[in-house]
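Here's the structure we're looking at; comments come further down.
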Amino acid sequence: MTATDHPDSVPPAVAAETEAAAPEATPPEADTSGEVLISVADLTKHYGAIRAVDGISFQVRRGDVLGFLGPNGAGKTTAMKMITGFLEPDRGSIEVAGIDVAADRLAVSRRIGYLPEDAPAYGEMTVEAFLRFIAEARELEAADEAIDRVLETAHLRSVRGQTIETLSKGYKRRVGLAQALIHDPDVLILDEPTDGLDPNQKAVVQDLISSLSANRCIVLSTHILDEAERVCNRAVILSEGRILVDSTPEALVARAPGHNAVRFRVTEGDAADVAATLSAADWCAGARVLPGGEVEAEPRDGQNRLNDVLAAVGEHRVADVRVREGRLDELFRDVTRGVAA
Amino acid sequence: MSDLARRFTGMRAVLRREFHGYFASPLGYIFIVIFLIASGYLMVSRDFGRFLELREANLDALFSYLPWIFVVLVPAVAMRLWAEERRSGTVELLLTLPITLEGSYLGKFLAGWAFLAVSVFLTWPAVFQVARLGDPDWGAILASYVATLLAAGVLLAIGLLFSALSKNQVVAFILAVAASVGFLLIGVPQTQEFVGKWFGGYVERVVSSLSLLDHFETLTRGLLQLNSLLFFVLFTVGWLVCGMLVLGQTKTN
C-alpha cells in the first residue's frame, strides 16, 4: 500500500513517496537514451524574501515534451526565464545543449526558441516584418526560406501582411510560436502557450506543439491539466518553487485519487448495505454512497477491481457499472494544497 | 569575432528595426514637422533669431536655438525606445534573442540619433538661402551641424536613460525634459554668476566647463576644439553606460 492510494492521505507524504518512487514512475516507453538537452541543477531564485524557485533539478532529453504544471506563482515562469538566460539565478547551474547559460548566454540563445508569457511581439509591425527582424537578429542566412517555412508551419500565410496588433489572440500566439521556430531550434521553451485562447484556438496550438515534438525537446508551462495529458510525455508539478512530482501524465493519472474507482447504481437492494460489504473487503480503500444514490468503491492499490466488486455485490442487482479514471486535477489539488498548507 | 563586436551583438538588427519604426508611425513625421516649424520660427522671429533683421550671411540664428528645441523634442524621440519595450513585455523577447543588452541599447541610441540627424538635415533650405544671399563661412556651418548632432546625441542619451527607468512613456518624457533642462541651465550666465558668488571662482570654472551651451557655442563658431568635442563624447558615453546599468536592473521588473 502506498500513501497516494488514499484520497485523504497527507500530501507531504505524497511528495516524499514521489521522490522515492521517481524511477518507477518513468514508464517503459519513455526514451531515456536521447541526448540531454537541458540540464538544471539546484536552481534557486529569490525575489526579495520570496523564494520563487527553490533548488530544483531536472534533465530534459531530445524527444521529451515536458510540462511544467503548477498553480500561479509556483515558479514555472521564473524557472523558464532562467533557462533562457533572461534572469540570472541566485544559485545553481543550467546547461542547454551542453553550454552553460551563465557562461555564454548568446550561444544558448541560438539553440533555444522561446515563447514568453502572453507572446509579446511588436504590434506595429506586420507578421512578415516581425519575422524578418527575428531572422536578422538571429543572423539567419536563408531568411526568406526560414520565414516561408514558419509561416507555413504556424498557418500564418493568410495574415503575413497584417500588423500584429490587429490579429486575434490565437494568431498572435502562433506568431510567437513562429518566431520561436524560425531558426529550427533543438530546444523550445513555451510559457503558457495556450493561456487565454478559446477552445478551438487551443486545439490548433496544441496540435502545432505536438507536431513539433519529434527530434526536439520542448518545455512548456500550463495550468491546464488536460493539455499536459494531450501534448506532454513528462509532467513536473511545481509548487512554491519546488518540484513535487516528476512523472508521466499517464502515471500521474494512475496515481490520482479515485483512479479505477468503480461506480454503479444498486437497482435491487440497499445501497448502504452494498457499500458496507465493499468497505469490509481488504482490497478496498473505502466505499460510500454518493449523493445521487450511486455507490463508489475505491481500490487501495489503484488497480482495476471490477471483478472483485461484482463478486462482492452478490445477490444485489446493479446497473450502470463503470470504472472511473483518475483525474489529474484531483492529484494536483492534493499535492499542491499540501505544500501551501 | 572580437570581444568588442561580441559585446554589441545584434546592434544592427535593432538599429534597423527602430529606425524604420520612426517612419512606420505618424510620430516620426509629426516630430519632423514640429521640429522644422519650431526651428524656422525661432530663426526668423524678431524676438529670437532675427535672421532677416541682422542681414548676416551665417546661420547663428538657426543653430543657437536648436538645443532649446531639443530639450523638448529629443525626449519625445527617446521616450518610446525602452518604456514601450518594457510595458509590452517585448524586452524579454529581445534580450533572449542573440542580442546583448549593450547591443540593443546602442542600436536604439543610434536609431534615434540617425532619425534626429535626418530631421536636422532637413533644415537645408536655410543653408541654401544663406548661400544664395551672401557668402557664408562654410566651415562654421559644417561645424554647427556637427555641434547640433553632438548636442542631440547627448540629450538622446539622457532621454534613453529615463526611458529605461520608467515603463510609462509620459513619465520618462517628463523626467528626461527636466534632466535636459537642468543640464542646459548649468550653462546660462545667471547660473554661473550664482555659483561664482557662492562657491568661488574655482567651482565656477568647473561648472562652466560642464556647460553644454558653452561647448555648443564654441563648436558653432567653427572652432572644433578637442575639449568641447570630448565633452560631448564623454557625456554621451557616460549617460549611455548609466542607462545600460539601469536597464540591467529594470528589465525584469
Test: residue in region A:104-113 that is outside any helix (DSSP H, G or I) and either touching a helix residue (DSSP H, G or I) at 6+ places or on another chain (Cβ under 7 Å) or charged (D, E, K, R) (or both): yes
Residue among A:Arg300, A:Arg324, A:Arg337 that is over 30 Å from A:Glu268 (Cβ atoms) and in contact (Cβ under 8 Å) with a residue 24 or more places away in the chain: A:Arg337
Counted residues, region B:204-220 - those being modelled with pLDDT under 85 and more than 15 Å from B:Val154 (Cα to Cα): 6
Some residue of region A:163-183 being surrounded by 18 or more Cβ atoms within 10 Å (Cβ to Cβ) and under 15 Å from the mean Cα position of the chain (by Cα): no
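For A:Glu117, indicate whether it is part of a loop (DSSP other than H, G, I, E, B), farther than 23 Å from A:Arg173 by Cβ and assigned by TED's automatic domain parsing to the domain that holds A:Glu136. Write out each step before concluding.
Values: part of a loop (DSSP other than H, G, I, E, B): yes; farther than 23 Å from A:Arg173 by Cβ: no; assigned by TED's automatic domain parsing to the domain that holds A:Glu136: yes.
Considered against the rule, which asks whether it is part of a loop (DSSP other than H, G, I, E, B), farther than 23 Å from A:Arg173 by Cβ and assigned by TED's automatic domain parsing to the domain that holds A:Glu136, A:Glu117 comes out as no.
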Whichever residue in region A:74-97 is free of Cβ contacts under 8 Å to residues at least 60 places away in the same chain and away from chain B (no Cβ under 14 Å) and, among such residues, is surrounded by the fewest Cβ atoms within 10 Å (Cβ to Cβ): A:Arg91
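Checking the condition touching a helix residue (DSSP H, G or I) at 6+ places or on another chain (Cβ under 7 Å), farther than 23 Å from A:Asp42 by Cβ and within 14 Å of chain B (Cβ to nearest Cβ), which residue from A:Ala129, A:Ala154, A:Ala119 passes? Let's see the steps before the verdict.
On the way: A:Ala129 fails: touching a helix residue (DSSP H, G or I) at 6+ places or on another chain (Cβ under 7 Å); A:Ala154 fails: within 14 Å of chain B (Cβ to nearest Cβ).
Among A:Ala129, A:Ala154, A:Ala119, only A:Ala119 is touching a helix residue (DSSP H, G or I) at 6+ places or on another chain (Cβ under 7 Å), farther than 23 Å from A:Asp42 by Cβ and within 14 Å of chain B (Cβ to nearest Cβ).
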Total residues in region B:174-220, condition small (Gly, Ala, Ser) and exposed (fewer than 15 other Cβ atoms within 10 Å of the Cβ): 5
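Every residue in region A:98-114 that is of a type outside the set (Val, Ile, Thr) and more than 9 Å from every other protein chain (Cβ to nearest Cβ), please.
Step one: of region A:98-114, the residues of a type outside the set (Val, Ile, Thr) are A:98, A:100, A:102-107, A:109-111, A:113-114.
Scanning region A:98-114 gives A:Gly98, A:Asp100, A:Ala102, A:Ala103, A:Asp104, A:Arg111, A:Gly113.
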Residue that is farthest from the other protein chains (Cβ to nearest Cβ) [pool: residues in region B:72-86 that are surrounded by fewer than 24 Cβ atoms within 10 Å (Cβ to Cβ) and farther than 15 Å from B:Gly21 by Cβ]: B:Val72
Subset tally (residues that are under 17 Å from B:Ala152 (Cα atoms) and aliphatic (A, V, I, L, M)) for region B:34-70: 6
Pairs, first in the same structural domain as A:Ala119 (by TED's automatic domain parsing) in region A:208-235, second of a type in the set (Phe, Trp, Tyr), C-beta under 8 Å, six or more apart: A:Val219/A:Phe68; A:Leu220/A:Phe68; A:Ser221/A:Phe68; A:Thr222/A:Phe68; A:Leu225/A:Phe332
Some residue of region B:6-17 being under 23 Å from the mean Cα position of the chain (by Cα), more than 12 Å from chain A (Cβ to nearest Cβ) and either modelled with pLDDT of 85 or more or over 30 Å from A:Glu136 (Cα atoms) (or both): no
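Do we find that B:Leu54 is more than 14 Å from chain A (Cβ to nearest Cβ) and closer than 30 Å to A:Gly123 by Cβ in this structure? Even if it seems obvious, please write down each step before you answer.
Values: more than 14 Å from chain A (Cβ to nearest Cβ): yes; closer than 30 Å to A:Gly123 by Cβ: no.
Here the answer is no, as B:Leu54 does not meet what is asked.
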Test: residue in region B:226-239 that is in a helix (DSSP H, G or I), small (Gly, Ala, Ser), under 25 Å from B:Arg86 (Cβ atoms) and out of contact with any strand residue (DSSP E or B) (no Cβ under 6 Å at 6 or more places or on another chain): yes
Residue within region A:274-290 that is within 33 Å of the chain's Cα centre (by Cα) and either hydroxyl-bearing (Ser, Thr, Tyr) or surrounded by fewer than 14 Cβ atoms within 10 Å (Cβ to Cβ) (or both) present: yes
Meets criteria (more than 9 Å from chain B (Cβ to nearest Cβ) and buried (at least 18 other Cβ atoms within 10 Å of the Cβ)) for A:Glu141: no
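The values are calculated or read from the model by the stated rules, or taken from the named source; none is laboratory data. Bear in mind that the values here come from a model prediction, so they are computed numbers and not experimental data. Quick reminder, even Gly has a Cβ in these numbers, built from the backbone with ideal geometry, and neighbours come from all protein chains shown.
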